[in-house]
1. Charges only on Cβ, +1 for Lys and Arg, -1 for Asp and Glu: so what's the dipole of the chain about the Cα centre, in debye to the nearest 20?
2. Which FRET efficiency value, to the nearest 0.05, do you get for Lys545 and Ala309 by plugging their Cβ-Cβ distance into 1/(1 + (r/R0)^6) with R0 = 56 Å?
3. Give me the extension gain from Thr155 to Glu708: residue separation times 0.36 nm, minus the current Cα-Cα distance, reported in nm with one decimal.
4. Run through segment 159-221 and list the GluC sites (Glu not before Pro) located in a DSSP loop whose Cβ has at most 15 other Cβ atoms within 10 Å.
5. Sort 669-677, 704-712, 107-115 by packing, meaning the average of other beta carbons within 10 Å per residue, with the highest value first.
6. Residues with amide H under 5 Å of Leu206's amide H, sequence separation 5 or more or different chain, H placed in the peptide plane at 1.01 Å from N; which?
7. Just to verify a number: FRET efficiency for Glu75 and Ala134, C-beta to C-beta distance, R0 = 22 Å, to 0.05?
8. Run the numbers on segment 264-373 and let me know its relative contact order in percent, using alpha-carbon pairs under 8 Å that are six or more apart.
Amino acid sequence: MSPDSPYKGLVPFEDSDVDALLFFGRERESRIIAANVLASRLTVLYGPSGVGKSSVLRAGVAHQLREQARANVEERGHPEFVVVVFDAWSDDPVGGIRAAVRDALTAQFGSALLDHKAGDSLADAVGRWADALACDVLLVLDQAEEYFLYHSEDTGFTRELPELVTRPGLRVRVLLALRDDALAKLDRFKGRIPSLFSNYLRLDHLDRISARDAITKPIERYNELADESVVIEPELIEAVLDQTGRGMVDFGQSGRGLAAGEADQSSVEAPYLQLVMERVWDEERAVGSKRLRLDTLRKLGGAEAIVQAHLRRAVEELTADERDVAADVFRYLVTPSGTKIAHGADDLAEYAAIDERRLLPVLSTLGRERIVRTVDGAGVDGARYEIFHDVLAEPVLAWRREQELERERHEAARRQRRLLALAMTALVALAAMTAVAIYALGQRSNARQESSHAHARALLAEALHQLDIDPQLSLLLGLEAAKTDPTQQTQDVLSQAIEASRMRGVRRVTNTAPIPGPPGGRLRIAGRLLPRGEIKAVARSPDGKVIATGHGDWTLRLWSAKTGKLLKVIPGHKGHVDAVAFSPDGTMIATGSGDGTGRLWTSDGKFIGPLIGHTGKVTAVAFNPQSNLVATASRDRTVRVWKISLGQLPLVLRGHTGAVTRVRFTPDGSRIVTVSTDGTERTWDPEPEPLMHPIQGGERIRPSRVAEAAGKRATVDGDQVILDDLDTGEQTRLVGQFGTINGVGISPDGRWVVTAGPFSAGLWRSSSTGIHTYLRETDRPVAAEFTSDRRIVTLARDGKMREWICDYCGSLDELIRTAKARLVATGRTFTRAERAAS
């Protein structure tokens, strides 16, 4: 496995063994991104054009994760997850992603369980496959800015991505990677993904140390693989770093969008570095040399000449139609005297009389080939396009003159086609306007009723939007919609709002400050004053033997409570450690930091895992009495409740309007109490799973393999349930119990299905194929059924009957009563602005 060259030029690194071996300078970023992909349902990665995002995602992140999956297979016999990298945005993204996921799962497991169902959403299909194979899907969506380029209006992907990253229990993690100039276009998803920017990362240019590794280490690796002894002159290394520094490959005052004197040699353009080193390598190898020399770079004319030669070839590789478009727009990007000008895409389209839909893909291609670049701060979309370097001006002018001579004979026919297209467009527009007018007249009598329904639908849409922002407001909006439009959709939204609403009480308090550290940041243990250092937080172990302190130097420290001796200094955070807590069982320590993260450690200071997701400083941490939950409070006005296993996303408690400064569990662990700078103390239900109340008793039931209610029939079929809609004939398979199902039941309204699986009972929405939640403490049930819309009874192998109340499963009337009771407990009402908006 010996590569021809240790350098890639402008071709991105791929997820291959060879490319991964030669990919250097981004090891730290790759590890951080991979950790975020594993920990978060949605990660947004952005950075300037040309920093090498695709290379990092493929040769770094994807390759590392796939290596980890292979190691999991060797150790446990199961990969735990598969990695899918997708970047084909020009056609149907939803179909492309579905096919890519299916291909990846088929390659890992075979295709036996990967069935296709007509009408499935992307989340339905991927969720069903992931559950069937007990395997997470890590979906890396690269070059996502091209989605907005090829799909200017909302498409299926706009609707499907939010469900993919917000549906509870879905075994999918998504990384969305795009250029920073396209970041604002994610506003298209803001109303659909409430926590869109809760986890985002920026990838910047290589620093000089990393860039040096990207030059020298591929040579070392090549020598190992090819059993050669190629060397590189230190002077060449320094020259390449100098000439490819950010803003250095520039031959005019505005060439890179940097003012004169603003070139930054501390950061390096990775693609130019690769291009220059590849060219020097090819030149040396062509003459049989095993030494990369500074003289060779000089003979090639340095970075500017190498770049110029490449750009000429890149423009010639465009298709005939793309060359026509490029020739038109280059006229307005380079003046006849060779000066470059920046324009927005809409201006270029107007000046060149080109449909913007034809122009944007060409600009995207030229951007990837580093012929044009975007300049932030102008234009409707916040960016203008300009020639990437002044050195390109003369070659562009010469090429444009050649192209215009070649196409002159086609211009007349082209004008005729354009006029015909405009005429047809006008006729279509006229026909459309006529159809709209006729339709409006026909619907006039129903306008008032439709207005009422539309208002209710708007309320429900806003209620869904507020689920992850302010669940109490979501309840209010749902109740308002129920007054005018008591439909099934209203019932479903209220059900979700009740499920999301965790706040159980509010009272006013005066002292809302965080618990302070020791006076002056000094602490005395066993009569001994600890060495000077700013101590931010202190906690004592349950057995009283160890003191843990958080410090302003970003460390956690452990001390002997008996002698005051320092036991361990634990780095890891990237900010002040402002919060420390021991678990009640004494086995763990939780910390919170000004870097916006929490961390879990063993009691002797070994790292367990990160608590990532807050967008502000973490101000307080607390364990529940059972030591299986940990809560983190933050200045971002939320509290996150994590299972110690860190195997699932945290429950997010929202509702405070100020920074949360304190958090604790009640002595029995049934509630969380928080204090905020908004002047309130609030109590919450902390269970990460939907609230279900076990009640002793219940009538004796028998296992049933078929259940029928409200026009739906559920039939047990081994480890799944076949759900038939008797009115439409539609059939759905519910898969996810991981073993033989013993019994099934349907709620009287047909909205819910309960299954008695091999280990626990499962609750499903009949409108979805994914399991909603497992009923805890059901102890290997053999039977399960609904006795009313809200009551579920299970029978376990030990003969015990358990009865459950599902707060969010009832009829619309019951949901309305529950919602009103929740709101009375918290005192939440519409503000004046909210009332006006609704």
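Please treat every number below as a calculation from the coordinates, not as lab data. Small disclaimer: the values here were computed from a predicted structure and weren't measured. So basically every Cβ, Gly included, is an ideal-geometry build from the backbone, and we count neighbours across all protein chains shown.
1. Details: 109 positive and 114 negative charges, 759 e Å.
Dipole about the Cα centre, nearest 20: 3640 debye.
2. Numbers: r = 70 Å, r/R0 = 1.25.
My answer for the efficiency is 0.20.
3. Numbers: separation 553, 0.36 × 553 = 199.08 nm, distance 3.70 nm.
Contour length minus Cα-Cα distance gives 195.4 nm.
4. Numbers: sites: Glu160, Glu163, Glu220; in loops: none.
Those that pass, being in a loop and sparsely packed, number zero.
5. Numbers: 669-677: 20.2, 704-712: 16.0, 107-115: 13.3.
Highest mean packing first, the order is 669-677, 704-712, 107-115.
6. Val268, Ala270
7. On the way: r = 16 Å, r/R0 = 0.71.
My answer for the efficiency is 0.90.
8. On the way: 60 pairs, mean separation 20.8, N = 110.
Result for segment 264-373 is 19 percent.
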